[in-house]
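Notes follow once the structure below has been shown.
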Amino acid sequence: MATYVIVGAGLAGAKAAETLREEGFDGEIVLIGAESERPYERPPLSKEFLQGRTERDTIYVHPPEWYADHAVDLRLGTRVTRIEPDRHLVRLGDGSRQPYDKLLIATGAAPRRLPGPAYYLRTVEDSEALKERFAKGVSVLVVGASWIGLETAAAARTAGCEVTVVEPEPTALNKALGPELGALFARLHASKGVDLRFGTAAAEITQTGVRLSSGERLSADLVVAGIGAAPEVGLARDAGLDVGQGILTDAALRTSHPDVFAAGDVAEFFHPVYGRRIRVEHWANALHGGPAAARSMLGREVVHDRLPYFYTDQYELGMEFSGDIEGHDEIVYRGDPESLEFIAYWLRGGRVIAGMNVNVWDVVDEIQELIRSGVVIDRTELSRVRS
């Protein structure tokens, strides 16, 4: 009987295990997670769960009995210390060894850290700790105007906290959306009373706040760092697998070893639409990448070509984003961005490469079809508001 091991008990790993059973795999499945919690989804941690609008039991991928009912050996609080691909072996922190026939690495990413006492937002425990601290009159300083940083700022401000955001870029989400639309998010937060400090970095974090690179000191009751995440590639690198920004795979999520696969935040996979490898940290990539890897492990013909997709909720703004803006040379709008009800299209050479719908719904399929088509678009038609 074959044994398939999944290292990483997050969304990608859990969905891979589910898909293996759905596809008829009757061998042993071992799902290994370093956290003590069974697999859960992370987007609510900076959104509705952080704001107290949903209960903890809603974030889990499966109910607790699902794993035993589907003969999935779920090992929580267990660290993998080494992968030996040529021996088809995984070494665990307690000194034991776990053999495998096929292996999926879904170890995700870890927050980039700053020196000094700061909160981070990656685990359910992180989110609960912040939720307990957020209250009227509490001063919160967020380092990084990233998606996580801004969602945290919105949750803190909604809870009545005094909020300051520090960001070395000239505006919010500068790398993710570019300066034009990043500035729109900055204006939204400023209108809610958030103190935004752009063009300056946190040089030092102390028990009482932050010293900026300009020399100014800002006091705060708590500091939250949202400066991005780094893929957990250490095990793969030490195992001799090919690694770049993530674990390098083909479009079927196969690594440089034929019996080892990678999915989720940690995978840098070849995307046929873009003709290059990309690494995507967002929820949808884990949701769909885990099942794609599972089918690939079973020898099915797989092309993981889902477009990058992300969503956010901040105050009254709801947004969905599809694609990748890299190399864009133009932005076309349908609707007025200042109204917070519009669609933005990023173009390169007249072709749509990314789109963002803000408070406009049921258009994601249309946007993604435009991206996939690769056709040169009539800008007048693209910008026309439809009734």
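The values are calculated or read from the model by the stated rules, or taken from the named source; none is laboratory data. Being a predicted model, the structure only gives us computed values, none of them experimental. For neighbour counting, all protein chains shown are included, and Cβ atoms are generated from backbone atoms with ideal geometry for every residue, glycine included. Note: accessible area is taken over every heavy atom of the protein model, side chains too, but ligands, DNA and RNA are not part of it. Shrake-Rupley method; radii C 1.70, N 1.55, O 1.52, S 1.80 Å.
Annotations for the structure displayed:
- The combined condition, being closer than 29 Å to Thr123 by Cβ, touching a strand residue (DSSP E or B) at 6+ places or on another chain (Cβ under 6 Å) and small (Gly, Ala, Ser), is not fulfilled by Ala263.
- Strands (runs of 3 or more DSSP E) contained in region 195-287 and holding at least 3 residues in contact with an Asp or Glu (Cβ under 9 Å, 6 or more places away or on another chain): 195-198, 209-212, 247-249, 267-271, 276-279
- Qualifying residue in region 249-257 (condition: within 24 Å of Asn174 (Cα to Cα) and in contact with a Gly (Cβ under 8 Å, 6 or more places away or on another chain)): no
- Any hit, region 161-169, residues being under 16 Å from the mean Cα position of the chain (by Cα) and either among the aliphatic types (A, V, I, L, M) or surrounded by 21 or more Cβ atoms within 10 Å (Cβ to Cβ) (or both): no
- First in region 18-30 and among the small types (Gly, Ala, Ser), second anywhere and surrounded by 17 or more Cβ atoms within 10 Å (Cβ to Cβ), Cβ under 8 Å, 6 or more apart: Gly27/Tyr4
Yes/no per residue for (1) modelled with pLDDT of 95 or more; (2) open to solvent by less than 60 Å² (accessible area, probe 1.4 Å); (3) out of contact with any Leu (no Cβ under 8 Å at 6 or more places or on another chain); (4) more than 21 Å from Gln207 (Cα to Cα):
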position: Ala109; (1), (2), (3), (4): yes, yes, yes, yes
position: Thr123; (1), (2), (3), (4): yes, yes, no, yes
position: Glu132; (1), (2), (3), (4): yes, no, yes, no
position: Gly149; (1), (2), (3), (4): yes, yes, yes, no
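- Flag for Arg133 being of a type in the set (Lys, Arg) and within 24 Å of Glu48 (Cβ to Cβ): yes
Per-residue answers, yes or no, for (1) more than 22 Å from the chain's Cα centre (by Cα); (2) within 23 Å of Val273 (Cβ to Cβ); (3) without any contact (Cβ under 8 Å) to a residue 40 or more places away in the chain:
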position	(1), (2), (3)
Ala292	no, yes, no
Val303	no, yes, no
Tyr311	no, yes, no
Leu317	no, no, no
Asp329	yes, yes, yes
Pro337	yes, no, no
Leu347	yes, yes, yes
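- Meets criteria (crowded, with 18+ Cβ neighbours inside 10 Å, modelled with pLDDT under 95 and either out of contact with any helix residue (DSSP H, G or I) (no Cβ under 9 Å at 6 or more places or on another chain) or among the charged types (D, E, K, R) (or both)) for Gly275: no
- Residue identified as touching a Lys or Arg at 6+ places or on another chain (Cβ under 8 Å), in contact (Cβ under 8 Å) with a residue 12 or more places away in the chain and among the aliphatic types (A, V, I, L, M) among Leu248, Leu253, Leu241, Leu196: Leu248
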